[in-house]
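K.L.:
Before anything else, here's the structure in question.
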Amino acid sequence: MSKAIQAVRGMNDLLPEALGLWRRIEDTARAVLESYGYREIRFPLVEKTELYARSIGAVTDIVEKEMYSFEDRNGDSLSLRPEGTAGCARAGIENGLLHNQIQRLWYAGPMFRHERPQKGRYRQFHQIGVEVFGVATPDIDAELIRMSARLWRRLGIDGLRLEINSLGTAACRAAYRERLVDYLRGQHAVLDEDSRRRLDTNPLRVLDSKNPAMHGVIAQAPSLLDHLDGESAAHFARVKAELDDAGIAYRVNPRLVRGLDYYTRTVFEWVSDTLGAQGTVCAGGRYDGLVEQLGGQPTPAVGFALGMERLVELAARHGSAAADDAPLAYLVMLGDAAERRGALLAERLRDAGLTVESNLGGGSLKSQMKRADRSRARYALLLGEAELAAGVVSVKALRAEARQQELGEAELIAYLKAQIT
């Protein structure tokens with residue numbers, strides 16, 4: 001017998017037992033986002049590789065090392081999406097959604113990065129992303145942070161720490177870059193290999209190093225906040241003022257630079273201290289130059305993405321209840337005539353808005369009742385020769401003490417409906 005094929009390393013199956021909590025988080029997120037006027041958008045898993053080289057940055061780790069890229073039969077270089085912002089912006093440009101318009105959009109789905117799998121970091125991972133196009137003022141930056149804080153409250157998750165920073169405009173970052181490079185060259189002897197490689201290509205990423213040996217060097221580096229132009233400083237001050245007004249605690253972290261080249265001005269992260277090294281649960285910021293960079297008209301933009309795997313783990317730790325996917329009733333049928341009558345009965349119950357799982361494959365009363373119990377249904381509906389003759393269905397409660405009843409179809413529908421209101 002040949003060896004069974006297993007899943008690709010770092011790409012995990014999500015089994016029905018786990019998906020109840022996923023569904024609750026997704027449903028809660030959808031409700032929160034739509035309450036602010038955000039609309040869902042869906043775009044492909046595969047895009048032209050050029051999209052990510054132009055948006056994320058050709059010398060970032062994602063593009064250089066982590067993307068799943070391949071050449072298709074036409075000779076085009078394509079990539080599985082490593083993040084959602086670039087694809088969302090491309091879809092907006094291509095479909096005429098962005099020019100002289102305000103769009104509040106959200107999306108959900110899998111992303112792909114070829115990196116070393118570890119707890120909280122996988123090669124296929126899932127995100128919920130939010131993007132806003134067409135608003136240049138800092139009130140939208142603050143709205144995104146307030147909206148994410150509302151989501152944590154709705155999910156019953158506390159203990160997340162908000163860190164914020166401003167990267168300023170491209171011009172003030174260029175001036176800061178020169179100052180930072182001068183400082184880092186003076187520290188060349190103590191820089192690790194990654195930092196030396198980034199020194200000439202993307203020196204701001206040195207500030208994002210996770211190597212503990214680099215923390216002293218990074219702590220003494222000049223601060224980008226000292227190099228902000230007046231407009232960027234005022235923008236950041238307004239964001240902080242709105243967070244203060246909302247009672248949202250935050251820490252200004254001048255070393256927070258995010259890993260993607262397209263960010264400008266406000267950046268932020270929600271971080272947990274209980275998830276180990278992969279503690280960032282939600283992150284985002286402003287990227288005012290990206291749409292123009294991808295061939296669209298100049299368009300201010302801001303957004304964030306949250307990692308579902310990490311959020312699910314946090315929600316489980318905080319005792320969040322999973323969405324209940326158990327059927328209300330399990331239909332037990334004994335004999336051919338009962339099976340044929342029961343199939344139609346089950347359809348009429350579903351027409352009435354009730355969730356019913358029908359027994360399939362026959363079996364004794366005992367075996368069918370075991371299946372009913374495993375289904376986690378609240379009621380077993382028994383249909384045998386006696387019930388067929390009397391025109392009734394026997395209703396047995398499986399999760400509570402209650403007297404077994406015999407009900408006609410109309411009474412049965414009314415009774416079951418009363419149990420879900």
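Values quoted throughout were computed directly from the atomic coordinates according to the rules given, and no laboratory measurement underlies them. Keep in mind that what you see is a predicted model, and the values were worked out from it rather than measured. Neighbour counts are summed over all protein chains in view; Cβ atoms, including those assigned to glycine, are modelled from backbone coordinates with ideal geometry.
K.L.:
How far, in degrees from 0 to 90, does helix 230-245 lean away from the longest principal axis of the Cα atoms of the chain, to the nearest 10?
P.N.:
40 degrees
K.L.:
Can you tell me the length gained on complete extension of the stretch Arg150 to Thr137, counting 0.36 nm per residue apart and subtracting the Cα distance?
P.N.:
Stretched fully, the Arg150-Thr137 segment lengthens by 2.6 nm.
K.L.:
Which of the lysines could a cross-linker span from Lys240 if the Cα-Cα distance has to be under 28 Å and same-chain partners fewer than 8 positions apart are dropped?
P.N.:
Partners within reach: Lys210.
K.L.:
Mind listing which trypsin sites (Lys or Arg not before Pro) in region 107-200 are in a DSSP loop and have 14 or fewer other Cβ atoms within 10 Å?
P.N.:
The qualifying sites are Lys119.
K.L.:
Would region 286-421 count as rounded, prolate or oblate if I go by the C-alpha gyration tensor, calling it rounded below 1.5 in a/c and otherwise prolate when a/b exceeds b/c, oblate otherwise? Write out the running numbers ahead of the final one.
P.N.:
Working: a/c = 3.31, a/b = 2.64, b/c = 1.25.
Prolate shape, in that a/c is at least 1.5 and a/b is the bigger ratio.
K.L.:
Something else now. Determine the gain in length on full extension of the stretch Glu50-Arg376; use 0.36 nm per residue of separation and subtract their C-alpha separation, reporting nm with one decimal.
P.N.:
Taking Glu50 through Arg376 to full extension adds about 112.4 nm, to one decimal.
K.L.:
Continuing with this model, one more query. From the list [x] 91, 60, 43; [y] 93, 56, 43; [z] 60, 43, 40, can you say which value of Cα extents along the principal axes in Å was derived from the structure given?
P.N.:
[x]
K.L.:
Find the relative contact order for the chain and round it to a whole percent, using C-alpha pairs within less than 8 Å whose residues are 6+ positions apart.
P.N.:
Answer for the chain is 16 percent.
K.L.:
Could you rank the peptides 241-249, 264-272, 393-401 by their average count of other C-beta atoms within 10 Å per residue, with the highest value first?
P.N.:
Order by mean packing, descending: 264-272, 393-401, 241-249.
K.L.:
Another question about this same structure. Non-local amide H neighbours of Val281 (under 5 Å, H modeled in plane, Pro and chain starts lacking H): which ones?
P.N.:
Hits under the 5 Å cutoff: Trp270, Val271, Ser272.
K.L.:
I would also like to ask the following. Based on the alpha-carbon gyration tensor of region 96-220 and its eigenvalue square roots a ≥ b ≥ c, which shape applies: rounded if a/c is under 1.5, prolate if not and a/b is larger than b/c, or oblate?
P.N.:
It comes out prolate by the Cα gyration axes.
K.L.:
Run the numbers for Ile5 and Arg30: contour at 0.36 nm per residue of separation, minus the present Cα-Cα distance, in nm.
P.N.:
Once the chain is fully extended between Ile5 and Arg30, it gains 5.4 nm.
K.L.:
Turning to a different aspect of this structure: Calculate one ³J(HN,Hα) per residue across region 84-99 by plugging θ = phi - 60° into the Karplus curve 6.51 cos²θ - 1.76 cosθ + 1.60, and present them in order as whole Hz with x for glycine and proline.
P.N.:
Rounded to whole hertz, the list is x, 4, 4, x, 5, 5, 4, 5, x, 5, 5, 9, x, 8, 10, 5.
K.L.:
Another one. Lysines near Lys48 by alpha-carbon distance under 23 Å, same-chain residues fewer than 8 away left out - which ones?
P.N.:
Answer for Lys48, where 23 Å is the Cα cut-off: Lys65, listed by chain and number.
K.L.:
Here is a further query. With a point put 7 Å past each Cα toward its Cβ, work out how far Asp200 is from Ala410 in nm, to one decimal.
P.N.:
Here the modelled spin labels are 8.6 nm apart.
K.L.:
Among residues other than Val291 whose Cβ falls under 14 Å from its Cβ, what is the net charge (Lys/Arg +1, Asp/Glu -1)?
P.N.:
That works out to -1.
K.L.:
How about Lys119: which aspartates and glutamates have a C-alpha closer than 18 Å to its C-alpha, ignoring those fewer than 8 places off in the same chain?
P.N.:
Asp13, Glu66, Asp273, Glu309, Glu313
K.L.:
Shifting gears a bit: Treat each spin label as a single point 7 Å out from the Cα along the C-beta direction, and report the Gln118 to His188 distance in nm.
P.N.:
Roughly 3.0 nm, to one decimal.
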